[in-house]
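The values are calculated or read from the model by the stated rules, or taken from the named source; none is laboratory data. Not measured: the values here are computed from a predicted model. FYI the Cβ positions are ideal-geometry reconstructions off the backbone, even for glycines, and counts take in every protein chain you see.
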Amino acid sequence: MMTETTAIMAALSTLSPPQLSDLTLSILSDIRHHHHRLSAVLSSPILFSLTLHHLYSLSLPQKTFLIARHLLSALRHLTRHFHPKQPLPALPSTAVKQRDLDAVLLLLLLCEIRQHNPEALETSPTKWRETLSELWCDAMLTLSGIGFCSGSVLIPYIETATRCWKFVGEMGCCGGDGDGKVAASPAAVVSLPSVEVRGRGVECVICKEEMREGRDVCELPCEHSFHWMCILPWLRKRNTCPCCRFPLPTDDVFGEIQRLWEILVKMGCT
Ligand SMILES: [Zn+2]
Ligand SMILES: [Zn+2]
């Protein structure tokens, strides 16, 4: 069975060279920003203790939500070239407050160290900053070597995204049967096109009535169409097409993660 990382690599391998280089550049700038923040946190005792304190103050669901937002931002990068024909609207950004970004980056670093180097965290948390700084510098020196090519950028990025995906799934927030019970994003709904019905006998599957020829109806990106009066209430409750379950963007973080993850995995399987 393909692992998640392999599936995402397979999806990215379907991109054209310009798309891949655009993706690498966008991810690189994301990673640079993250490295910059982590270095700032690790080099300042005050910022480090504030960030650790913030992390301690968060409940498990709040931490899960932070990781989910972080994962969503990675997925938006990774799927930027996989959206269906129609350009969907620019959705509200996943920008997180700097304090939250610092916290999630520190949390991920701690998780990674706990996994590969658990004894490093056996000291008291007051010593963590020094220990983490050393490990972080070693990692940075390795990365800044000659091997800093697109593979060495993309693979760790995808692995982090996969780890976040598994974590969020284990917390029971994603990876369910995807019954689509989240509302479609209003921004996506507003941008849906109105098309004129051509021909007779076309039925709206929601109300089972014929869509009269010449009338304006709503067309979803999957090309299924419905009366506006029928589809709007539907999309306030669900983000999927009533005929084929094609998912529209949603403002629900977990619903959107599910949608983008499925786009990536599907691309990897074609
Ligand atoms: Zn209808
Ligand atoms: Zn459809």
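Of all residues in segment 185-216, those that are assigned to a loop (DSSP other than H, G, I, E, B) and in contact with a helix residue (DSSP H, G or I) (Cβ under 7 Å, 6 or more places away or on another chain) total 3. G199 satisfies every condition listed in (1) modelled with pLDDT under 90; (2) within 15 Å of H83 (Cα to Cα) except (2). Does G172 meet the test of being farther than 25 Å from L12 by Cα, in the same structural domain as T24 (by TED's automatic domain parsing) and either within 16 Å of ligand 2 (Cβ to nearest atom) or not in a helix (DSSP H, G or I) (or both)? Yes, satisfied.
For segment 43-61, a residue qualifies if it is surrounded by 14 or more Cβ atoms within 10 Å (Cβ to Cβ) and either in a loop (DSSP other than H, G, I, E, B) or polar (S, T, N, Q) (or both), and the qualifying residues are S49, T51, L58. If the condition is being surrounded by fewer than 17 Cβ atoms within 10 Å (Cβ to Cβ) and either free of Cβ contacts under 8 Å to residues at least 60 places away in the same chain or within 14 Å of ligand 1 (Cβ to nearest atom) (or both), then segment 235-245 contributes R236, K237, C243, C244. Please go through segment 190-218 and pick out each residue that is in contact with a strand residue (DSSP E or B) (Cβ under 7 Å, 6 or more places away or on another chain) and small (G, A, S). Passing the criteria: S194, G201, G214. No other residue among E213, E256 is among the charged types (D, E, K, R) and either buried (at least 22 other Cβ atoms within 10 Å of the Cβ) or within 16 Å of ligand 2 (Cβ to nearest atom) (or both) apart from E256.
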